[in-house]
Amino acid sequence: GCYAGAVVMGGLLRRRIPLLARRLLTLAPALVLLAIGVDPTWTLVISQVVLSFGIPFALVPLVSLTARKAVMGTYANGRATTVFAWLVAVAVIVLNVALVYLTVAG
C-alpha cells in the first residue's frame, strides 16, 4: 500500500516529491492506526470496503463509453457484449452494496 500510494501521489500531484517523503507520508495513516491499537485485520477489511466504493464509478463509464461508436469507432462493443457487460456491472455493484451492508451490519 505504501508503494502504491507513493506512485499515485507522485503521478497526481505532478510535483517532484522525494521518494522517501512520499513513502513516509503514505505509510503514516497505517502506522497511526497500529499505534492506537486498532486490529490490523479489521483495518484491512475496512480499507478494502472503502476502496470498493470506487468500483461503480469505474464500471459504469467503462461500459457506457465502450458501447459508443462516437468514442470507440469500429472498436465499439456490439449489442450482445454491451448487454453482458451491463449485467456483469450490475451484479458487481449489487455484490458491492451487499459487502458494504454486511460489513457495517457486522
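The values are calculated or read from the model by the stated rules, or taken from the named source; none is laboratory data. Note that the structure is predicted; figures quoted are calculated from it, not measured. Note: ideal-geometry Cβ built from the backbone for every residue, glycine included; neighbour counts use all protein chains shown. Areas reflect the complete protein model, heavy atoms only, side chains present, ligands, DNA and RNA absent. Shrake-Rupley method; radii C 1.70, N 1.55, O 1.52, S 1.80 Å.
Things to note:
- Verdict on ARG68 being among the charged types (D, E, K, R) and open to solvent by less than 60 Å² (accessible area, probe 1.4 Å): no
- For segment 81-88, the criterion of being at pLDDT 95 or above and among the polar types (S, T, N, Q) is met by at least one residue.
- As for segment 10-18, it holds at least one residue that is in a helix (DSSP H, G or I), more than 23 Å from ALA105 (Cβ to Cβ), modelled with pLDDT under 85 and open to solvent by 60 Å² or more (accessible area, probe 1.4 Å).
- Restricting the first member to segment 18-29 and to residues that are closer than 14 Å to SER47 by Cβ, and the second to residues that are of a type outside the set (S, T, N, Q) and assigned to a helix (DSSP H, G or I), the beta-carbon pairs closer than 7 Å and six or more apart or on different chains are THR26/CYS2; THR26/GLY5; THR26/ALA6; THR26/MET9; LEU27/CYS2.
- Members of segment 28-46 found to be open to solvent by 60 Å² or more (accessible area, probe 1.4 Å), among the aliphatic types (A, V, I, L, M) and farther than 20 Å from THR103 by Cα, listed by number: LEU31, VAL32, LEU34, ALA35, ILE36
- In segment 71-106, the residues that are assigned to a loop (DSSP other than H, G, I, E, B) and open to solvent by 80 Å² or more (accessible area, probe 1.4 Å): GLY106
- In segment 46-65, of all residues being touching a helix residue (DSSP H, G or I) at 6+ places or on another chain (Cβ under 6 Å) and touching a residue at least 12 places away in the same chain (Cβ under 8 Å), the one that is nearest to ALA30 (Cα to Cα) corresponds to VAL49.
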